[in-house]
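> First the structure, then my questions, so here it is.
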Amino acid sequence: MKEFGGPAIVLDRNDINTDEIIPAKYLTESSKAALKPYILEDLNLAGFDPHGESLRTARAIVTRKNFGCGSSREHAVWVFEVNNINLVIGESFARIFRQNMFNCGMLAIELPGSDIDTIISLGNKVEIAVDLEKGTVVARGAKEVSFAFQLNPFDLELVKAGGWLAYADKNY
Amino acid sequence: MGKTIAQKIFDAHVRDTPTPENVVLDIDVVMCHEITTPIAITDLEARGMDRVFDPTKIKAVVDHVTPSKDSKTALQAKVLRDWARRHGIKDFFDVGANGVCHALFPEKGFIRPGYTVIMGDSHTCTHGAFGAFAAGIGTTDLEVGILKGVCTFRRPETMRVNIVGQLPVGVYAKDVILKIIKDLTVNGATDKVMDFVGPVVDGMSMESRMTLCNMAIEAGGTCGICMPDRVTAEYLWPFISDDYVNLEAAVEDFKKWHSDPDATYSSEITFDVSGLVPQVTYGFKPDEVKDVTEMEGTLIDQVYIGSCTNGRIEDLREAAKILKNRKLAAHVRGILAPATPKVYDLALAEGIIKIFMDCGFCVTNPTCGACLGMSNGVLAEGEVCASTTNRNFNGRMGKGGMVHLMSPLSAAAAAVAGKITDPRLFLD
Ligand code: SF4
């Protein structure tokens, strides 16, 4: 199975939508790789630089409620994938975005707001490590903290299978 | 214990239950358009899996950017077109026959009560208006749908939205759903099916019900559903008349899909529309909604009437009531995109196209166009659009543009006033 985590970038806002993650005008691209430069291009968040170092080096995203709301575009997941981000930790996710993440064998982990507060309080250099077997997230910054999380069991199956297409091809 | 309509549809379509919470459903209709499907097609090809589970259950349309505007969109249309031909997908709609998917496919009679419907498009929830379970999905789900005819869902909870009272003059389904989204917020129905019930829904046309269900996703909902009834049966009659001895029999049969009176809901809200006034969005989220009276005077540069939310004949008729014998405000551009060729044709026959043109509108072919900022009316930085579409996200109709969502009647009033204004002032 893949490794999940690494340096994290915090997007401290609710309701970050798919158009902010990848604007519709790039949906005419016919390869995932072509999406790479446009990650979070239209994100409306004070101080956020879509071309900055912290996004370029990020391997995980930490965010708030209802992340990925709006369009069904899986491009919003692929644009993370091609930028080597395969983990999003948030208070909650929009249904289609969450399903798209697991369908691609990537991880969307829900933690309570107080845990997200704690991660954010660790400063702007935070490393995240996920232990899928134990169901824990470890965040290292100013100090080290650890949280338990739960995944829907079928979502975990999909991650283990490497995504929904691989699972469905084997089982149906 | 009773069941909701979604539970009944799930029970009738279970292929597998990998966990008690998760089900894999057989899918009745897999719908495809040229933005999200080509990448699924090329991926399946690359994996040596270029197959379809059943060409009669796949429906495809080029609708988002059509006729193609550049080489990239031409390629997307071509990939879909070639694929439809290769696999004998007869229900493929191309230039000349195409229209916005969520308006076109219902018109063709493809959606029936009790169906499971998926599409790589978030507004697939529209089709719940027919008493179907219809959900937007991503490209991987679409690939599996195309290949295997199945899709996975968590067992959804249902929220009961009971709409009561009397819709005032000048207030429409669009105003109702904007107000509901305002109350629920963009996250209020996440992972939930929304049953839209009550006398107001019973009294709505199929068009209005589609407007209502179309925006369920803007509250996070998986699907909005209306109970299939006589209105549904009448709309579908040309397509189902061979299956039933008479309309009455169809109406009776449809009842098997109704949510039971003792079904369990995760929550219930009752919403009285009697005092509702026209609603308008003000920000970059569809729950940022105000009464039109609070938005009075907001200047606009463009009016857009169309889309899967409000580009149907009923919508055009309402807008035409205000536009008739009036002119666009001098600084305003008006764009009408009838949602389907049939809508266009009816609007021509009824003199509605002439009313729009005499008013100064540009009438485009049926397409999504400016709704998602890809063609036919993209905004410039700093421009403002009064729009009958469903999303006002930052940059949705063009980078730096502002979109105010509203009903066709409110959009028509804004067109002639040059600013957001109360459409009821224009009704005689
Ligand atoms: S009209 Fe707009 S919202 Fe509807 S399917 Fe087309 S792009 Fe999506």
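The values are calculated or read from the model by the stated rules, or taken from the named source; none is laboratory data. Model, not experiment: these values are computed from the prediction. We place every Cβ from the backbone using ideal geometry, glycine too, and count neighbours over all the protein chains shown. The protein model used for the area step is the full one, side chains on, heavy atoms only, and it has no ligands, DNA or RNA in it. Shrake-Rupley method; radii C 1.70, N 1.55, O 1.52, S 1.80 Å.
> What's the longest bit of chain A with no exposed GluC sites (Glu not before Pro), using DSSP loop states and at most 12 other Cβ atoms within 10 Å as the test? Numbers along the way, then the final one.
Details: sites that count: A:GLU3, A:GLU133.
The answer is A:4-132.
> Beyond a 19 Å Cα-Cα separation, which of these cross-linked pairs lie in this structure: A:LYS25/B:LYS399; B:LYS179/B:LYS285; B:LYS78/B:LYS342; B:LYS69/B:LYS354? Walk me through the numbers on the way to the answer.
Details: A:LYS25/B:LYS399 10 Å; B:LYS179/B:LYS285 13 Å; B:LYS78/B:LYS342 24 Å; B:LYS69/B:LYS354 26 Å.
Checking Cα-Cα distances, B:LYS78/B:LYS342; B:LYS69/B:LYS354 exceed 19 Å.
> So, one more: Once each part is reduced to its C-alpha centroid, what is the distance from the stretch A:45-80 to the stretch B:104-118 in angstrom?
After rounding, the separation between the Cα centres reads 34 Å.
> Roughly how many debye, to the nearest 20, is the charge dipole of the stretch B:5-154 about its Cα centre, given +1 on each Lys and Arg Cβ, -1 on each Asp and Glu Cβ, and no other charges?
Here the size comes out at about 260 debye.
> Still on this model: Write out the trypsin sites (Lys or Arg not before Pro) in the stretch B:56-88 meeting two conditions: DSSP loop, and at most 16 other Cβ atoms within 10 Å of their Cβ.
Hits after loop and neighbour filter: B:LYS69.
> Another question, if that's okay. Please build a GNM for chain B, connecting alpha carbons under 10 Å apart, and tell me which residue among B:ALA411, B:ALA386, B:ALA46 fluctuates the most.
B:ALA46
> Let me have the relative contact order for the stretch B:5-154, percent, based on Cα pairs under 8 Å that are six or more residues apart. Please list the in-between numbers first.
Numbers: 272 pairs, mean separation 48.8, N = 150.
Normalised by residue count, the contact order of the stretch B:5-154 is 33 percent.
> Compute the separation of the alpha-carbon centres of the stretch B:342-395 and the stretch B:1-70 and state it in Å as a whole number.
Here the two parts' Cα centres lie 29 Å apart.
> Now for a separate question. How charged is the neighbourhood of A:GLU110? Take every other residue with its Cβ under 12 Å from the Cβ of A:GLU110, and add Lys/Arg as +1 and Asp/Glu as -1.
-1
> Restricting to the stretch A:5-171, what percent of DSSP beta bridges are antiparallel, rounded to 5?
Numbers: 14 of 26 bridges.
Antiparallel bridges: around 55 percent, rounded to the nearest 5.
> Determine the sum of side-chain charges near A:THR63: Lys and Arg each +1, Asp and Glu each -1, restricted to other residues whose C-beta is under 15 angstrom from that of A:THR63.
-2
> For chain B, what is the accessible area per residue in Å², given a 1.4 Å probe and the full set of protein chains? Intermediate results must be reported in sequence, preceding the final value.
Numbers: 14160 Å² over 428 residues.
With all protein chains present, chain B gives 33 Å² per residue.
> Out of the GluC sites (Glu not before Pro) in the stretch B:339-421, which ones are loop residues according to DSSP with at most 11 other C-beta atoms within 10 Å?
On the way: sites: B:GLU350, B:GLU381, B:GLU383; in loops: B:GLU350, B:GLU381, B:GLU383.
For GluC sites (Glu not before Pro) across the stretch B:339-421 that sit outside H, G, I, E and B with at most 11 neighbouring Cβ atoms in 10 Å, the list reads B:GLU381.
> Could you work out the mean count of beta carbons from other protein chains within 10 Å of each residue's beta carbon in B:242-250?
Per-residue shielding by partner chains comes out at 0.
> May I pose another question? Tell me which lysines have Cα within less than 30 Å of A:LYS134's Cα, excluding those fewer than 8 residues away on the same chain?
Output for A:LYS134: A:LYS2, A:LYS65, A:LYS125, A:LYS143, A:LYS160, A:LYS170, B:LYS192.
> Follow-up question, since we're still on this one. Ballpark to the nearest 100 Å², how much total accessible area do B and A bury together, probe 1.4 Å?
Looking at B and A, the buried total is near 3900 Å².
> Sticking with this structure for a sec: Once each part is reduced to its C-alpha centroid, what is the distance from the stretch A:88-102 to the stretch B:168-241 in angstrom?
Computed from Cα coordinates, the inter-centre distance equals 25 Å.
> In the protein assembly as shown, what percent of the accessible surface is made up of carbon and sulfur (1.4 Å probe, ligands and nucleic acids excluded)?
Roughly 50 percent of what the probe reaches on the protein assembly as shown is carbon or sulfur.
> Report the net charge of residues surrounding B:GLY170, where surrounding means a beta-carbon distance below 10 angstrom and charges are Lys +1, Arg +1, Asp -1, Glu -1.
Combined, the nearby Lys, Arg, Asp and Glu give -1.
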